[in-house]
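Single-structure report; data block below.
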Amino acid sequence: MASSHGTPPVFNNKVIAWIDYRLPIFSYIEKEYHTFPTPRNFNYFWNFGAIATVMLVLMIATGVVLATNYTPNVLMAFDSVERIDRDVPSGWLMRDLHMNGASFFFIAVYVHIFRGMYYGSYKQPRELLWILGVVIFLLMMATAFMGYVLPWGQMSFWGATVITSLFSAIPVVGDSIVTWLWGGFSIGNPTLNRFYALHYLLPFIIVAVVALHVVALHVHGSNNPTGIDPKGPQDTVPFHPYYTMKDGFGVVIFLIVYSAVVFFAPDMLGDAANYIPADPLVTPTHIVPEWYFLPFYAILRAVPDKLGGVIAMFGAIAVLFVLPWLDTSRVRSSTFRPIYKWFMLLLVVDVVVLGFCGANPPAGFWIPLSQVATLYYFVHFLILLPVLGKIERPLPLPPSIADSVLKKKAG
Amino acid sequence: MRRLIVSGAIALAALVAGAGAVAIAAGTEAHPPHRHWHFQGPFGTYDRAAAQRGYQVYAEVCSACHSLSLLAYRNLIEIGLTENQVKGLIKDITVPDLNDDGQPIDRPARLSDRFRKPFPNELAAAAANNGKAPPDLSVIVKAREGGADYIYALLTGYVPFDKLTPAQIKELNVVKDDNYNTYFPGHRIAMAPPLSDDKVTYVDGTKSTLDQQASDVTEFLAWASEPWMENRKRTGVRVILFLLALAGLMYAVKRQVWANKH
Amino acid sequence: MASSSVPADGHGDPTRRDFLMVATGALGAVGAAAVAWPFINNLNPAADTLALASIEVSVTPIEVGQAITVKWRGKPVFIRHRTEKDIKEAEAVPMSELPDPQTDNSRVTDSAKKVRPEWLIMIGVCTHLGCVPLGNKPGQDKGPYGGWYCPCHGSAYDTSGRIRKGPAPLNLVIPEYLFVSDSLVRIG
């Protein structure tokens, strides 16, 4: 699709034409972000790629200025964060934007992932596009985890201790790996220093992978709610102004919700214990990771075996890498999959339930609940997805995107 | 299609609710009753007079054991005092420093100095307090579940030994010298009841009850935890109004652009 | 995505569409500028740094003929309690002999225009390449003019802190200061 559209643009401005003849950046922008033929039937779920991009840029911008005032030393880190809040001009704003920005970046990406799964955006020929997305997700998790350590509060310290200790479950070399990760015999100054260095580095690697993600996207173009390929110009609109304006609107709405939290409840998503400076001798009564890790944390704790829990947790992410091959259905969009659609929504409920399990102490009914929810998570991917694709009878697909739009209008 | 968007929206709402639920991590202790605070809500501000009285309570009572190390004396100007008033408040306070020959000395405090700590270091603080260092109070309101409500409840939540029921005494293994507090996790708290009626004599003439002192010092500590709160809320109102206007325009533009495609 | 069969009004009107675009673009630009400011402002000196921008020094302990060094904004400040002889020498120098002509009087006037010839307050940084001149502590080489002497490249300053010999182009800089009382001076 993308390779077959349009003639090379002609630039009237002489300077632009001069540059473009030598380095075709303007042709590229014109082709990929202006005339780029995009399915005309996106719903608002398709905004979340743009929203996630805006959040990534915002996180890097606020992160860079925060780094100019932060001190990665166990004796000074906590106070230097407080100094940013109290004394540095606009420092509190940068920090509130950054710490809540992580949460809202994850919200955007989780919705984006849900959209990809519901509409089968990972299916042929977009498997690599999907895998690059999972890589971005992994890099985000690593970045967020290390960023949470930097304020050096009690949750920073103990969260880091618990998560890095996961690696000690690896047979034979586990303990050596943990010592290597820590740069010592416990979480300490060397750990804080390396986490800071990596926390600064990884976002730029994310930017690079996002660039690949976008390049891969533009090879075959976007999927759409019907899951059928555009068949001609009547099925598409130019990216600009149609989707630039629609994305812009979606971004502003998202920013309103984000601002409400940043300015009126900046500590809502955080943990009070992280305002207690890290103390290696006192463990908080209840260690919880940030909310966006809770489903995975619940899976970790659901398995009553150290190595088993770690394998289950990493398996929960690993399974996403092979998702394109687990799904055997020939239809992309769940809209036309009467049975799978409900299992897909059940998966969302399941992940939310896992989140609650992760937030609560592993006691009472939370234990069996988290085990059932973990079981469903894997059953969904490893059994339902391959089997349903074979036995489910999809609804009839519309003949074209334009046709489905017209039908909707009439109905 | 529309049904799908609705179900998607429900799923999204569930996700956000799940996120919010983390903040409400369940505890087993008595929940501090909610009080009305001058600083709560999207337009709430600090009650300057209460915060000034609260500073007096901190300075005369709490500061004997608790540091407030993230605050500087100059910050007191923000609770409505003039520079000269603050200088008057700190004229008898000395802070440790080194002289030109590197010897430790005590010199008069300046506005730019951080609050004087009652103990030279954490070990000394623990040694002087039966092995448990009194926590720094700079961010105490943010560092405790329940925030200001908890601090106030803790300060007013002591129950004298002779008022405890035999069941409570048995269950918690309390002895006569223990301090029993309804709201402290585990109930047995190292800190003896710090406040009592007429413990301080307020310079503004306010009647000095235990409740008044607890409420004032909580207001002061809430301010100390987040002195920029009023600025944050003010900025927030402007940002959201701006974004609402932009959203309205963006929506109109989007409709215009899509008009011939629907 | 509302799917109305009745077109919303103003669809084909280019002026309205242009106006909307321009208004949205303008508002967006205002927003972008407003967002840029906190990022730029973030790098300005913080409140704790500004709190140290002015310091108060008690001059009572400084005896006649003695000098002290205090740190101000990260730089040394010399406060010298000058003797009668220092003052007379400084006042007697003809302007023609000075590479950077300044009267002694103008160098001992505080920001309230009060002249105190006995107190000379200067930033102790050589105007040549930023070394700290000698001569402020007892026993140090005061140089040929009885003031200060920079060990780096041999600049010599007189008892008014004015450059007399050597590569330094300007006199030692006088910071803004004010005697709050006879015994207390605020620098900055």
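Table for the structure above
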{"quantity": "Matching residues in the range B:87-141 - criterion: being of a type in the set (D, E, K, R), open to solvent by 80 Å² or more (accessible area, probe 1.4 Å), farther than 19 Å from C:Pro61 by Cβ and part of a loop (DSSP other than H, G, I, E, B)", "calculated": "B:Lys91, B:Asp92, B:Arg116, B:Lys117, B:Lys132"}
{"quantity": "Test set (1) β-branched (Val, Ile, Thr); (2) open to solvent by 20 Å² or more (accessible area, probe 1.4 Å); (3) farther than 30 Å from A:Ser404 by Cα - A:Thr35 fails condition number", "calculated": "(3)"}
{"quantity": "Condition broken by C:Cys152, with the remaining ones in (1) hydrophobic (A, V, I, L, M, F, W, C); (2) within 18 Å of C:Lys75 (Cα to Cα); (3) touching a strand residue (DSSP E or B) at 6+ places or on another chain (Cβ under 6 Å) satisfied", "calculated": "(3)"}
{"quantity": "Qualifying positions in the range C:57-76 - outside any strand (DSSP E or B) and either in contact (Cβ under 8 Å) with a residue 12 or more places away in the chain or farther than 21 Å from C:Pro133 by Cβ (or both)", "calculated": "C:Val59, C:Thr60, C:Pro61, C:Ile62, C:Glu63, C:Val64, C:Gly65, C:Gln66, C:Arg73"}
{"quantity": "Lone qualifier among A:Val149, A:Val162 - being of a type outside the set (Asp, Glu), within 24 Å of the chain's Cα centre (by Cα) and surrounded by fewer than 20 Cβ atoms within 10 Å (Cβ to Cβ)", "calculated": "A:Val162"}
{"quantity": "Selection status of A:Ala50, in a helix (DSSP H, G or I), open to solvent by 20 Å² or more (accessible area, probe 1.4 Å) and touching a residue at least 60 places away in the same chain (Cβ under 8 Å)", "calculated": "yes"}
{"quantity": "Restricting the range A:271-285 to residues that are among the hydroxyl-bearing types (Ser, Thr, Tyr) and at the interface with another protein chain (Cβ under 9 Å from one of its Cβ atoms), the residue that is surrounded by the fewest Cβ atoms within 10 Å (Cβ to Cβ)", "calculated": "A:Thr285"}
{"quantity": "Matching residues in the range A:68-80 - criterion: being within 13 Å of chain C (Cβ to nearest Cβ) and touching a residue at least 12 places away in the same chain (Cβ under 8 Å)", "calculated": "A:Asn69, A:Tyr70"}
{"quantity": "Residue pairs meeting the criteria (Cβ under 7 Å; at least 6 apart or on separate chains; first closer than 13 Å to A:Pro338 by Cβ, in the range A:386-400; second outside any helix (DSSP H, G or I) and open to solvent by 60 Å² or more (accessible area, probe 1.4 Å))", "calculated": "A:Leu388/A:Ile339; A:Glu392/A:Ile339"}
{"quantity": "Leading residue by the ranking (farthest from C:Ala46 (Cα to Cα)) among those in the range A:69-83 that are open to solvent by 30 Å² or more (accessible area, probe 1.4 Å) and aliphatic (A, V, I, L, M)", "calculated": "A:Val74"}
{"quantity": "Matching option when the condition is touching a residue at least 60 places away in the same chain (Cβ under 8 Å), in contact with a helix residue (DSSP H, G or I) (Cβ under 9 Å, 6 or more places away or on another chain) and closer than 30 Å to B:Trp223 by Cβ, among B:Thr156, B:Thr182", "calculated": "B:Thr182"}
{"quantity": "1 or more residues among the charged types (D, E, K, R): qualifying strands (runs of 3 or more DSSP E) within the range C:145-188", "calculated": "C:156-158, C:163-165, C:184-187"}
{"quantity": "Residues of the range B:183-216 satisfying the condition of being out of contact with any Phe, Trp or Tyr (no Cβ under 6 Å at 6 or more places or on another chain) and of a type in the set (A, V, I, L, M, F, W, C)", "calculated": "B:Phe184, B:Ile189, B:Ala190, B:Met191, B:Ala192, B:Leu195, B:Val200, B:Val203, B:Leu210"}
{"quantity": "Flag if A:Val331 is open to solvent by 40 Å² or more (accessible area, probe 1.4 Å) and farther than 30 Å from A:Glu82 by Cβ", "calculated": "no"}
{"quantity": "So A:Ile131, is it surrounded by fewer than 22 Cβ atoms within 10 Å (Cβ to Cβ), at pLDDT 95 or above and in a helix (DSSP H, G or I)", "calculated": "yes"}
{"quantity": "Helices (runs of 4 or more DSSP H) wholly inside the range B:146-262 that include at least 2 residues being more than 14 Å from every other protein chain (Cβ to nearest Cβ) and more than 23 Å from the chain's Cα centre (by Cα)", "calculated": "B:166-172"}
{"quantity": "Test: residue in the range A:215-238 that is in contact with a His (Cβ under 7 Å, 6 or more places away or on another chain), outside any helix (DSSP H, G or I) and open to solvent by 40 Å² or more (accessible area, probe 1.4 Å)", "calculated": "yes"}
{"quantity": "So B:Leu195, is it at negative phi, in the same structural domain as B:Phe39 (by TED's automatic domain parsing) and at pLDDT 95 or above", "calculated": "yes"}
{"quantity": "Filtered residues of the range C:136-188 (kept if of a type in the set (Lys, Arg) and either open to solvent by 60 Å² or more (accessible area, probe 1.4 Å) or modelled with pLDDT under 90 (or both))", "calculated": "C:Lys137, C:Lys142, C:Lys165, C:Arg186"}
{"quantity": "Breaking point among (1) surrounded by fewer than 18 Cβ atoms within 10 Å (Cβ to Cβ); (2) touching a residue at least 40 places away in the same chain (Cβ under 8 Å); (3) within 14 Å of chain C (Cβ to nearest Cβ), for A:Phe45", "calculated": "(1)"}
{"quantity": "C:Ala53 vs. criteria over 25 Å from B:Arg238 (Cα atoms), within 14 Å of chain A (Cβ to nearest Cβ) and either touching a Lys or Arg at 6+ places or on another chain (Cβ under 8 Å) or modelled with pLDDT of 90 or more (or both)", "calculated": "yes"}
{"quantity": "Residue check for A:Phe137: away from chain B (no Cβ under 12 Å), of a type outside the set (A, V, I, L, M), in contact (Cβ under 8 Å) with a residue 24 or more places away in the chain and surrounded by fewer than 21 Cβ atoms within 10 Å (Cβ to Cβ)", "calculated": "yes"}
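Residues checked against (1) open to solvent by 10 Å² or more (accessible area, probe 1.4 Å); (2) more than 23 Å from A:Gly250 (Cβ to Cβ); (3) in contact with a helix residue (DSSP H, G or I) (Cβ under 9 Å, 6 or more places away or on another chain):
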site: A:Asp85; (1), (2), (3): no, yes, yes
site: A:Trp92; (1), (2), (3): yes, yes, yes
site: A:Arg95; (1), (2), (3): yes, yes, yes
site: A:Asn100; (1), (2), (3): no, no, yes
site: A:Phe106; (1), (2), (3): no, no, yes
site: A:Tyr110; (1), (2), (3): yes, no, yes
site: A:Arg115; (1), (2), (3): yes, no, yes
site: A:Lys123; (1), (2), (3): yes, yes, yes
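The values are calculated or read from the model by the stated rules, or taken from the named source; none is laboratory data. The shown structure was predicted, so the numbers you read here are calculated from the model rather than taken from an experiment. Cβ: placed from backbone, ideal geometry, glycine included. Neighbour counts: every protein chain shown. Side chains are part of the model used for accessible areas, which takes the heavy atoms of the whole protein and leaves out ligands, DNA and RNA. Shrake-Rupley method; radii C 1.70, N 1.55, O 1.52, S 1.80 Å.
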